[in-house]
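Written below as structure tokens is the structure these notes are about.
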Amino acid sequence: MNVVEIENVSKTFGQFTAVNALSLVVPRGSIYGFIGPNGSGKTTTLRMIMRIYHPDPGPGWIRVLGEDNQTAADDRVGYLPEERGLYKKMKVRDILRFYAELKGCREFKVRVSTWLERMGLSEWADKKVEALSKGMAQKVQFISAVIAGPELVILDEPFTGLDPVNADVLRDAVLDLRKNGSTVIFSTHDMSVAERMCDRIFMIYKGNKVLDGTLESIQARYGKDTLRVKVEGNGFDPRAIAGVEKVTDFGKLQELRISPETDTQDVLAELMRCGRVTHFELTTPSLHDIFVRIARPEPRDVVGHT
């Protein structure tokens, strides 16, 4: 069974269309990534799945965990909203107990202790939320979303603001949720996180679905038109090489987008004239590059794009 099914759903606010005729299917047991520029419709879509927002009247529908009623999401769904918010005067242990009981979880004592230990927060259990750092508070809010063991977990930008250590802790927790049978939907602006973690990736742009599939299927649409190169030499400017349409400089290496008719051996020969080539790889574009092509398109990217 699919955990989430959306068919031909739109959402407008006055004259602004936030989501336009969206259809989407989230398979059970998957990690499903939502990507898109700010204001593209990610959060609006997540809120419609949660029934915080209702779609515009029309033939479209949303089904969550097999239910298509218009009431608020039930106890089988956990939600971490984009706007973080905890009761600052409550103690950490008490607020987690509150959220567990709110979702009908009776074995909250063991679960609370287990999650606090896992997230490195045991010594803060009896501290008030207002005493926590921003990263700690974010981990507490994550625990509150998953404490009851929901079948579906929806996380809106869960990794934002976390340092690398805590981001890894949260990432491992998300992966374990999937191993234990939960389906996870999360939005992110970090393309590397989406590439590494997600079974499927959905991109929304200006309210319209522009990508939906596995990373491999998305990359296959664009073909192998990217060269990753590293050249040791002074005055190296690959933009002057025939067939190179765009250069993205990452410091230690560069990505060159080449035209379809370009012979990569000709490019390699030119690079070798510029200096010592220590890395030369023909590959599909990264998710970051695909994101930029859609969100900041050049003439070539616009032609034939849907």
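Read-outs throughout are calculated quantities, based only on the coordinates presented, and are distinct from any laboratory measurement. The structure displayed is predicted, hence computed values, not measured ones. Using ideal geometry, Cβ is built from the backbone for each residue, glycine included, and neighbour counts are taken over all protein chains shown.
Observations, loosely collected:
- Backbone N within the range 151-184 under 19 Å of label point (7 Å from Asp199 Cα along the Cβ vector): 151-156, 171-184
- FRET E, pair Asp126, Arg178, Förster distance 30 Å, beta-carbon r, rounded to 0.05: 0.45
- For the Cα trace of the chain, dividing Rg by the Kirkwood Rh returns an Rg/Rh value of 1.05.
- Two-site label geometry, Leu268 and Lys206: point separation in nm, points 7 Å out along Cα→Cβ: 4.0 nm
- Springs join every pair of Cα atoms under 10 Å in this Gaussian network model of the chain, and among Glu117, Glu107, Glu83 the largest mean-square fluctuation is at Glu83.
- Averaging Cα coordinates gives a centre for the range 71-134 and one for the range 1-26; these two points are 30 Å apart.
- Taking 0.36 nm per residue of separation and subtracting the Cα-Cα distance, full extension of the segment from Ser192 to Phe236 would add 13.1 nm.
- Fluctuation leader among Leu170, Leu268, Leu24 - the chain, Gaussian network, Cα springs under 10 angstrom: Leu268
- Which listed pairs, of Lys11/Lys179; Lys209/Lys230; Lys109/Lys139; Lys11/Lys209, have C-alpha distances above 24 Å, in listed order: Lys11/Lys179; Lys209/Lys230
- Along the axis of the charge dipole computed for the range 2-219 (Cβ charges of +1 for Lys and Arg, -1 for Asp and Glu, origin at the Cα centre), the listed residues Pro164, Ala137, Ala18 are led at the positive end by Ala137.
- Mean Cα-pair separation over length for the chain, i.e. relative contact order, pairs under 8 Å, 6 or more apart, %: 19 percent
- Folded to 0 to 90 degrees: helix 134-146 orientation relative to the chain principal axis, Cα: 70 degrees
- When you work out D = kT/(6 pi eta Rh) for the range 132-236 at 20 °C and 1.002 mPa s, using the Kirkwood radius from C-alpha pairs as Rh and the Stokes-Einstein form, the result is 132 µm²/s.
- Fluctuation leader among Val146, Val26, Val129 - the chain, Gaussian network, Cα springs under 10 angstrom: Val129
- Annotation: aspartates and glutamates with alpha-carbon distance below 15 angstrom to Lys88 (same-chain offsets under eight excluded): Asp126, Glu130.
- Size of the range 224-283: Rg and Dmax of its alpha carbons, in Å, are 10.1, 28.
- Set of aspartates and glutamates near Lys103 by C-alpha distance (under 18 Å), chain-local residues within fewer than 8 positions excluded: Glu67, Asp74, Asp75, Asp94, Glu151
- Helix-only [θ]222 nm of the chain, DSSP H runs n ≥ 4, -39500 (n - 2.57) each, per residue, nearest 500: -9500 deg cm²/dmol
- The range 10-86: C-alpha gyration tensor shape, a/c 1.5 cut-off, then a/b vs b/c: rounded
- Estimated FRET transfer efficiency when R0 is 25 angstrom, pair Ser217-Phe250 (beta carbons, to 0.05): 0.50
- Folded to 0 to 90 degrees: helix 108-118 orientation relative to the chain principal axis, Cα: 30 degrees
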